[in-house]
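Before any comments, here is the structure.
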Amino acid sequence: MNSWQRRTASYLATLVVIILSFAVVYDYGMAAFEGRPQPFYHSLQVVVETFTTTGYGSNAPWTSPEMTALVVVMDLTGVVLIFMALPVFVVPLFEEAVSTTVPTAVEDLEDHVVVCTFSPRVETLVEEFRSWGVDYVVIEADRERAIDLYESGYEVIYGDPQSVETLRAAGVGEATAVVADASDEEDVGIVLTAREASADVRVVSVVEDPDLSAYHELAGVDAVLSPRELLGESLADKVTTGVNAEIDGGVEIGEDFEVAELPVQRGSDLVGRTLAESGIRERAGANVIGAWVRGEFETPPPPDAEIDAGTILLVAGREDRLERLKALTRSSVRPSRRGNVLVVGYGEVGSTVAAELAAADVPYTTVDVEDNPGVDVVGDATDPETLRAAGIENARTVVLSLADDTLTSFATLVVRDLDADVEILARAEETESVRKIYRAGADYVLALSRISGRMLASTILEEEEVISMDKQIEVVRTTAPALAGQTLAGADVRARTGCTVVAVERDGAVITDLDPDFRLRDGDDVVVAGTDEGVNRFTTLAN
């Protein structure tokens, strides 16, 4: 029963009690003060007439002051009840009449994906669906949120995702997959319901706590994804590769050819120079195909683009050349800093970071606001004294694994104020927060919603292979039938989509030496690198 139904039931029950009470008093008063006893039903009729202002019938006028006073009270009570009815009945009905009507079922939809329910990671997933022309429908149990999504252009229906009727109304029998993305407990209910509604549909669930994956599998899920665990591993990987000369974490495209992200550390010889002045091509032999500067991606970056601390270069080349370039991006000051790594925030992401650092034999100190097992320093991440107690003066890197983006931004400012040279790696819950955290002073920011959306897309869409989900740049291997017969210069992929073609796989061989006259053939698999939006534009262009 919703709030409108509860208010209506309460109002009607109160109204019945008031009318009956006045009818009893009125019936007694007519006999006692007016000397005109009458049947109770007639007294009831007079009370109803009074409340509804339709008249008083043969009982008027009254001669006794007691009955006159009673009728006056009944008149006022009737007026009050009428005004009370307005917000209970009239206003909700009017709002219902003028409000957007959200669908409760889909029509003529096949081979689509049913998403239960909407979350920030679903935004990335929907972008992937749209770029590939894959139909989808989001089931949302909150009416107001369903209306907002519907008015924003999302394919959505209003209903309970744990209801068999709702899933069938979403066409689950004709769907290719169901995505359960509510809470860990609700997802189990959605999986069980999906299995009841359609035994053959593919079901994918997203877990916040990897320890609960087994229960999802027992419920009958086909794939369980744990994006927080991957996020933690990715942040830890940035720490461990930051102290190694080798390229670790690059995306292998072919034999001895990789695409990698190389953050320019504070104190690097490249800081303060433009790309033209850096001589990267001459000094390392690698190709810079893009650059992130404070969350803004440019491809190709202009020659006069200035490299600063925190710039992330997207580079492609052979492993030995990328290793030479990495040596140029490393700080000439930071290697002398051999202090601990501070892991601030010891939730699922933070504990994963700590476990990865321990496995790599990297010393670390954990900080959290709660005194849980594994926490070394208890305190507020935005309190300078807490960070000093954790040893920030001697820290090499600070990993901010907090679940609140506003708190992460503030903590970044505090850390940067305490130590201008320390490396700051941060997580972001929302993609929209990435630029804000960069502006606060972080060196590297990775968004949970972006990783989650990519994991889901890679699991559901067979046409797209997301080679790298834990990078700020998406590296994808895909077919490109619409570009068959065109040269790379003629297709003008970079200008039209913002992506760079880094390799072509043809007849089992990976071709990385691509010039503008290279001509694509039917059946080629194309490896492209770019932002999520750029890759989406490429898949739209190429298919």
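Observations on the structure shown:
- Over the residues of the chain, the helix contribution to mean residue ellipticity at 222 nm works out to -12500 deg cm²/dmol, using -39500 (n - 2.57) for each DSSP H run of at least 4.
- Computed on the chain, with alpha-carbon pairs under 8 angstrom and 6+ residues apart, the relative contact order is 10 percent.
- Cut-off 10 Å between beta-carbons: net charge of the residues surrounding Leu402, Lys and Arg +1, Asp and Glu -1: -3
- P(r) for the chain, from all Cα pairs and a bin width of 20 Å, is 18, 39, 23, 11, 7, 1 %, short bins first.
- Environment charge of Glu155, counting only residues whose C-beta is closer than 12 Å and scoring Lys/Arg +1, Asp/Glu -1: -2
- For the chain, the longest principal axis of the Cα atoms and the long axis of helix 348-359 meet at an angle of about 20 degrees.
- Region 396-515, relative contact order in percent, only Cα pairs under 8 angstrom and at least six apart counted: 14 percent
- Summing +1 for each Lys or Arg and -1 for each Asp or Glu among the other residues whose beta-carbon sits under 12 angstrom from that of Ser449 gives -3.
- Share, in percent, of DSSP beta bridges within the chain that are antiparallel, nearest 5: 50 percent
- The residues of the chain expose on average 45 square angstrom of accessible surface per residue, using a 1.4 Å probe on protein heavy atoms.
- Projecting the Cα positions of Val502, Leu520, Asn543 onto the charge dipole of region 483-543 (unit charges on Cβ atoms of Lys, Arg, Asp and Glu, taken about the Cα centre) puts Asn543 furthest along the positive direction.
- Rounded to the nearest 10 degrees, the angle from helix 319-329 to the longest Cα principal axis of the chain is 70 degrees.
The values are calculated or read from the model by the stated rules, or taken from the named source; none is laboratory data. Nothing here was measured: the structure is a model prediction, and the numbers come from that model. For neighbour counting, all protein chains shown are included, and Cβ atoms are generated from backbone atoms with ideal geometry for every residue, glycine included. These accessible areas exclude ligands, DNA and RNA; they are computed on the full protein's heavy atoms, side chains included. Shrake-Rupley method; radii C 1.70, N 1.55, O 1.52, S 1.80 Å.
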